[in-house]
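Undergrad: Let me begin by handing over the structure; questions about it come next.
Please treat every number below as a calculation from the coordinates, not as lab data. Please read all numbers here as calculations on a predicted model, not as lab measurements. Because the Cβ atoms are built from the backbone with ideal geometry, glycine has one as well, and the counts that use them run over all protein chains shown.
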Amino acid sequence: MLAQGVCEGPGFLPDAARGCRRAPGGYPGRMNEHDEREITATGVDPARLDDQQLMRELETIHRTRHDTLLYGSNDALRAHNERMAQLEGEYLRRNPRRPVAAGRTREGARERTAGESATPGT
């Protein structure tokens, strides 16, 4: 952990684990246009994540959704909604022809019997 006051000023971001860290670009006070686009108010721009990172972010946000809805402030829920929309939008942009399980369509849901899973293999 860095000493108090060492990470104050432009170019540094708070980091709970290490006390502080340099903002993208690496040099205090020297962030260029590219660096400013890399981090949004709710996290890294989803377009900058690789496929594995995007899936990990999606899994995390879906896992925390219920608690945020039940116990989060209005601001937390709004931020959660925005981030989820960003991540899901990026996933759909990258996977326009993703496989759709028949049980996840309206017709498939009507045909499904009680107790059947809507997703293949489960």
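Undergrad: Based on other C-beta atoms within 10 Å, arrange Leu77, Leu69 from fewest to most. Mind showing how you got there, number by number?
TA: Numbers: Leu77 15, Leu69 12.
With the fewest neighbours first, Leu77, Leu69 line up as Leu69, Leu77.
Undergrad: Once you have a ≥ b ≥ c as the square roots of the Cα gyration tensor eigenvalues for the stretch 41-109, tell me rounded if a/c is under 1.5, and otherwise prolate or oblate according to whether a/b is larger than b/c.
TA: Cα axes put the stretch 41-109 in the oblate bin.
Undergrad: Label Asp45 and Ala102 with points 7 Å out from Cα along Cα→Cβ: what is the distance between them in nm?
TA: With each label placed 7 Å out from Cα toward Cβ, I get 4.2 nm.
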